[in-house]
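Data block below; observations after.
The values are calculated or read from the model by the stated rules, or taken from the named source; none is laboratory data. Quick caveat: nothing in here was measured; it's all calculated off a predicted structure. Virtual Cβ from ideal backbone geometry, glycine too; neighbours counted across all protein chains shown.
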Amino acid sequence: MKSYYQRMASIRNCTNANFNLMIKYLASKVVAQNIISYLGSLYILFVHKSSKIKFKDRKNINGLFKKDESFIYSFWHDQLLMCPLTWQNKKPIRVLISKHRDGDIISKVISHLGFSAIRGSTHKSNKTKNKGGLLSARKMIKSLQGDVCIGISPDGPKGPRHKVSDGIISIAKLSNAVIVPVGIGFKNKWKLNTWDQFIIPKPFNEITVIWGKPIKVGKKNTNIKSTKETLENLMNDLTKRANKGYN
């Protein structure tokens, strides 16, 4: 039989081996995320450079840029991949990205493209049990009040697809910032089998970007449902117009 010291040595060796395996797994995961995000950002830039891009109704966003006004940039979750390159201004913007595993990669992708992220969700951000949502909400409001724009996909991170959640309206109310919706259309694309039918545009493409008129929510607005419907209908209309002739 093994002595006490031999058994303890065996346990330490086993523990060390398992710990090393765990470190290698975590390291390989981070490395894999970094590689995927870097290649993803290169792909986005390649699609952008190789495609014909049409911008419509610039006046709806340029007016705010001229006034140096911070606002909420609203886009559907399925269009997120190309959305950073619709930002045609040097004004800083932070994009709300979920804390899910896919959000880790997306946040790294946009960082390679020169944008920063706020990790969290607007879903149920007013609930006291959702500390992560409350923290991200505070960060967004502070950013908007500090001359930084915020990018939000109001149907993310879990859907339903193309349905506006309460969160973006709450952030607009508390910050008194307007919401500028954008719709992006792609002539050639792949759609993933995900809840949002996430879009991956193909290179050498035709892409249309349309900005909608700013929506003022107002701090005294009590009709959240109506405001959500207004934003939702406008974003769906912009997406439909942007894809006209492509489908």
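Numbers for the structure displayed
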quantity: Filter pass, ASP57 being over 17 Å from LEU174 (Cα atoms), modelled with pLDDT of 90 or more and of a type outside the set (Val, Ile, Thr); calculated: yes
quantity: Some residue of region 35-50 being at pLDDT below 95 and among the aromatic types (Phe, Trp, Tyr); calculated: yes
quantity: Meets criteria (without any contact (Cβ under 8 Å) to a residue 60 or more places away in the chain, closer than 27 Å to GLY40 by Cβ, under 13 Å from the mean Cα position of the chain (by Cα) and surrounded by fewer than 22 Cβ atoms within 10 Å (Cβ to Cβ)) for PHE198; calculated: no
quantity: Some residue of region 6-29 being in contact with a helix residue (DSSP H, G or I) (Cβ under 9 Å, 6 or more places away or on another chain) and either more than 24 Å from ILE171 (Cβ to Cβ) or modelled with pLDDT of 95 or more (or both); calculated: no
quantity: Boolean, ILE171 is under 28 Å from LYS52 (Cα atoms) and among the β-branched types (Val, Ile, Thr); calculated: no
quantity: Leading residue by the ranking (surrounded by the fewest Cβ atoms within 10 Å (Cβ to Cβ)) among those in region 53-85 that are touching a Ser or Thr at 6+ places or on another chain (Cβ under 9 Å) and of a type in the set (Gly, Ala, Ser); calculated: SER70
quantity: Hits in region 68-117 (condition: of a type in the set (Lys, Arg), over 19 Å from TYR43 (Cβ atoms) and touching a residue at least 12 places away in the same chain (Cβ under 8 Å)); calculated: LYS91, ARG94, LYS99
quantity: Residues located in region 86-105, provided they are at pLDDT below 90 and either within 13 Å of VAL30 (Cα to Cα) or surrounded by fewer than 20 Cβ atoms within 10 Å (Cβ to Cβ) (or both); calculated: GLN88, LYS99, HIS100, ARG101, ASP102, GLY103, ASP104, ILE105
quantity: Single residue of SER70, SER50 found to be polar (S, T, N, Q) and more than 26 Å from SER175 (Cα to Cα); calculated: SER50
